[in-house]
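Chemist: Below is a structure I'd like to ask you about.
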Amino acid sequence: MQISSNASSVAARQIQQSTEMLNQLNQMITDKSQDVSNKLIKVAVTDKLQTQEQQSKIDLLA
């Protein structure tokens, strides 16, 4: 009975450690996804501003 209890305790610890590791990985993925999203938004806004600036120059030349 003691062996079974010890095995259960070890298994529970391993499950807890695995869960904590998965939670950390999930947080890292979430953080990186947010970083990438922010960079894509910045690129899109920059591109839009450059396009508007070029159009303004074309309009001035017309």
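Chemist: How tilted is helix 2-61 with respect to the longest principal axis of the chain? Cα atoms for both, answer in degrees (0 to 90, nearest 10).
Modeler: 0 degrees
Chemist: To continue, here is another question. Over all pairs of distinct alpha carbons, what does the Kirkwood formula give as the hydrodynamic radius of the chain, in Å?
Modeler: The Cα-based Kirkwood calculation yields 16.2 Å.
Chemist: Of Ile15, Ala44, Gln27, which is farthest on the positive side of the dipole of the chain, counting Cα position, with +1 on Lys and Arg Cβ, -1 on Asp and Glu Cβ, and the Cα centre as origin?
Modeler: Ile15
Chemist: For the chain, with only Lys/Arg (+1) and Asp/Glu (-1) charged at the beta-carbon, what is the dipole magnitude about the Cα centre, in debye rounded to 20?
Modeler: 100 debye
Every number in this text was worked out from the coordinates using simple rules, so none of it is lab data. Source: prediction; values computed, not measured. Because the Cβ atoms are built from the backbone with ideal geometry, glycine has one as well, and the counts that use them run over all protein chains shown.
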